[in-house]
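Working notes, structure below.
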Amino acid sequence: MSTAVVGKGLEGIVAANSGICWIDGDAGVLAYRGIDIHELAERSTFEETTYLLWFGKLPDRAELDEFNKRLTEARTLDPKMIEMLRSFPRSATPMEVLRTAVSALSFYDPDESDNLHDANVSKSFRLTSQIAMLVAAYDRLRKGKTVVEPDPSLGHAANFLWMLNGEKPSDTAARTLDVALILHADHELNASTFAARVIAATLSDIHSAITGALGALKGPLHGGANEAVMRMLFAIDKEGSDPVDYVAGLLAQKKKISGFGHRVYHTEDPRATHLRKMSEELGESSGDAKWFNMSRAIEKYINAEKKLNANVDFYSASTYTMLGIDLDLFTAIFAVSRISGWAAHVIEQLDDNRLIRPRAEYIGPEYPLRYVAIEKR
Ligand SMILES: CC(C)(COP(=O)(O)OP(=O)(O)OC[C@H]1O[C@@H](n2cnc3c(N)ncnc32)[C@H](O)[C@@H]1OP(=O)(O)O)[C@@H](O)C(=O)NCCC(=O)NCCS
C-alpha cells in the first residue's frame, strides 16, 4: 500500500507527463505547446490552434490548408444520427444529447476499431467537426427548424454559427466565437481531460474517452459554470436587484459564486482577460452593455470581498448571450472547443500508454473484521 497521503480532489498532484499545455497558476500564464494564450487569442484561429495542439508546432501555409480541408471534409453526419437526435425527448438538455450522440458516432466511424495513431488523428478530425454539427443540429430540431447544411467556404466558428442560426454570421460574431474557441481549447489535466486520458489508457477507444469527458464537463463545478453565471445574471435582471446586493446575499448564505475561483490560478485566469474585453466590446457595439456592466460590478465586488478572480466561465456567459446563443448551449459550446484539447491528450496518452490506476488510502474499519451471520447482527 502506498504511504502517500493525497490532498482531497488530487490537489497539487502531478499525474502525467504532457507536452501540450503549460499553466503557471501563480503568474497567471497559460500556453499551448509553449505559445502564450494571449498571442494565440490575438493572432491565431481555432483551426491553427488545433493543429498546434495535435501536431506540436504551428503549421506552414500548406499544412494549414490541408488541415482545413480535412476538417471541412469531416463535416458529415450519418442520416441515422439526425434521426437519433429527432428521437430524443424535447426535455433532453444539449449536454445530455451531446454525450449520448458522441457515443453513437462510433457506430458510423470508418476507423472505429482502429486505435493506432493515424486512425485516432482521423477520428479527431471527424469528432471536431461532428460535435459542432450535433450541437447546432439539435438546437434547430428542438426549435422545430430544419437542419442547416454545412458551408465549406466558412471556417469552423463561422460554420457553427451558420448551422445554428441559418444565417451568415457577421465578421465580429465569427471572430468573437473563434477567439472563445481558442481560449477554451485546452487546459492541461482539468477534470474532463483527465477523465478522457483515464479512459483512453485502458485501450478503449477515442469515442469512449470523449463521451466520458463530456460527462465530466457537464458538471457545474467544471463546464457547467458559465450557464450558472448567466442564470444568475438573468435572475438579477428579472428581480430588478442590485447585482452587488444579490451576490452579497449569496455569500451570506455561504453559496459559491459561479465564474469565480480556480483550482490552479491564484491570479486572474488569462482567458478571462480576453472574454472580459470581448464582452465589453459586444456591449458597446450593440448599444446595450447591461450584461457587461452587471458582470463587471459583480467582479469588482468579489475581487474586493473574497479575493477571488473571475475564471474563464464568468465573461463567456455574457459574451455568448450577446452573440444570441441560448443559455443551455453554453457548456456544449465549451465542448465544441475542448474536443481539440481532449483529442490531443488522448493521442498523446496512446502514443506512450500505460494504464492509469492509482491507489486509495484505506480509511475504513480495521482489518480483519469478522463476518457476522445475519441472524446475529
Ligand atoms: C473552481 C472551483 C471548483 C475550485 O475549487 P477548489 O479548488 O476545490 O476550491 P474550494 O472550493 O475548496 O475553495 C477554496 C475556498 O475558496 C472559496 N471559494 C472558491 N470559489 C468560490 C466561489 N466561486 N465563490 C465563493 N467562494 C469561493 C471556498 O468557499 C473555499 O473557502 P473556505 O476555505 O473558506 O471554505 C471553485 O472555485 C468553484 O466552485 N467555483 C465556482 C464554479 C466555477 O466557476 N467553476 C468553473 C471553474 S473554471
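Report, in order of residue number, the helices in the chain meeting two criteria: a C-alpha extent of 15 Å or more along the helix axis, and a mean Kyte-Doolittle hydropathy of at least 1.0; treat each whole DSSP H run as one helix.
Correct list, ordered by number: 206-217.
Counting Lys and Arg as +1 and Asp and Glu as -1, what is the net charge of the other residues whose Cβ lies under 12 Å from the Cβ of Glu39?
Taking every Cβ under 12 Å from that of Glu39, the sum is -1.
Once you order the gyration tensor axes a ≥ b ≥ c over the Cα atoms, which shape class does the chain get: rounded for a/c under 1.5, otherwise prolate or oblate by comparing a/b with b/c?
Taking the square roots of the gyration eigenvalues as a ≥ b ≥ c, the chain is rounded.
What nm distance separates the two modelled labels at Lys307 and Ala248, each placed 7 Å from Cα along Cα→Cβ?
2.1 nm
Using 0.36 nm per residue, how much length does the chain from Lys238 to Ala92 gain when fully extended, once their Cα-Cα distance is taken away?
Residue separation times 0.36 nm, minus the Cα-Cα distance, leaves 50.0 nm.
Is there a quick way to get the dipole size of the chain? I mean about its Cα centre, with the Cβ of Lys and Arg at +1 and of Asp and Glu at -1; what is the value in debye to the nearest 20?
In debye, rounded to 20, the chain gives about 1400.
Rg over Rh of region 300-377, using C-alpha atoms and the Kirkwood radius, what does it come to?
1.29
If the elastic network links every pair of Cα atoms under 10 Å, which of Asp352, Asp242, Asp313 fluctuates the most in the Gaussian network model of the chain?
Taking springs between Cα atoms under 10 Å, the residue moving most is Asp352.
Under a crude label model (7 Å from the Cα following the beta-carbon direction), how far is Lys143 from Glu268 in nanometres?
The answer from the label model is 3.3 nm.
Once you've got the GNM for the chain with C-alpha springs shorter than 10 Å, pick whichever of Pro220, Pro59, Pro365 has the biggest mean-square fluctuation.
Pro365
Please build a GNM for the chain, connecting alpha carbons under 10 Å apart, and tell me which residue among Ile131, Ile325, Ile333 fluctuates the most.
Residue with maximal mean-square fluctuation among Ile131, Ile325, Ile333: Ile325.
Distance in nm between label sites at Glu66 and Ile35, each 7 Å beyond Cα in the beta-carbon direction?
In this crude spin-label approximation the distance works out to 1.7 nm.
State the dimensionless ratio Rg/Rh of region 233-303 (Rg: radius of gyration of Cα atoms; Rh: Kirkwood radius).
Across region 233-303, the Cα-based Rg/Rh ratio is 0.99.
Using a Förster radius of 51 Å, what is the FRET efficiency between Glu375 and Leu203 based on their Cβ-Cβ separation? Nearest 0.05, please.
0.65
Starting from the amide H of Phe260, placed 1.01 Å from N in the peptide plane, find each other amide H under 5 Å away whose residue is 5 or more places distant or on another chain.
Those lying under 5 Å, H to H, from Phe260 are Asn311.
Enumerate the whole-percent occupancy of each 5 Å bin, from 0 to the last occupied one, for all C-alpha pair distances of region 133-175.
The calculated distribution, bin by bin, is 5, 29, 33, 19, 11, 2.
Rounded if a/c is under 1.5, else prolate if a/b beats b/c, else oblate: with a ≥ b ≥ c from the C-alpha gyration tensor eigenvalues square-rooted, which is region 21-160?
prolate
Over all alpha-carbon pairs of region 136-212, lay out the pair-distance distribution in 10 Å bins, whole %, shortest bin first.
Whole-percent P(r) values from 0 Å outward: 18, 29, 32, 19, 1.
Order these peptides, 111-118, 64-71, by their mean beta-carbon neighbour count within 10 angstrom, highest first.
Peptide ranking by packing, descending: 64-71, 111-118.
For Ile13 and Ile363 in the same chain, what is the full-extension length gain: residue separation times 0.36 nm, less their Cα-Cα distance, in nm?
Contour length minus the Cα-Cα distance gives 124.0 nm.
Starting from the Cα-Cα distance between Ala297 and Arg231, subtract it from 0.36 nm times their residue separation and give me the gain in nm to one decimal.
Full extension from Ala297 to Arg231 adds 22.1 nm.
Taking 2.2 N^0.38 Å as the expected size of a compact globular protein, what ratio does the Cα radius of gyration of region 155-259 give against it, to two decimals?
Normalised by 2.2 N^0.38 Å, the Cα Rg of region 155-259 equals 1.40.
With Cβ to Cβ distances under 14 Å as the rule, what net charge do the other residues near Arg70 carry (K, R +1; D, E -1)?
-4
Along the charge dipole of region 1-121, pointing to its positive end and built from +1/-1 on Cβ of Lys, Arg, Asp and Glu, which listed residue (Pro110, Thr50, Ile37) has its Cα farthest out?
With unit charges placed on the Cβ atoms, the residue in question is Pro110.
Values quoted throughout were computed directly from the atomic coordinates according to the rules given, and no laboratory measurement underlies them. None of these values were measured; they are calculated from a predicted model. Cβ coordinates were reconstructed from backbone atoms using ideal geometry, including for glycine residues, and neighbour counts include every protein chain displayed.
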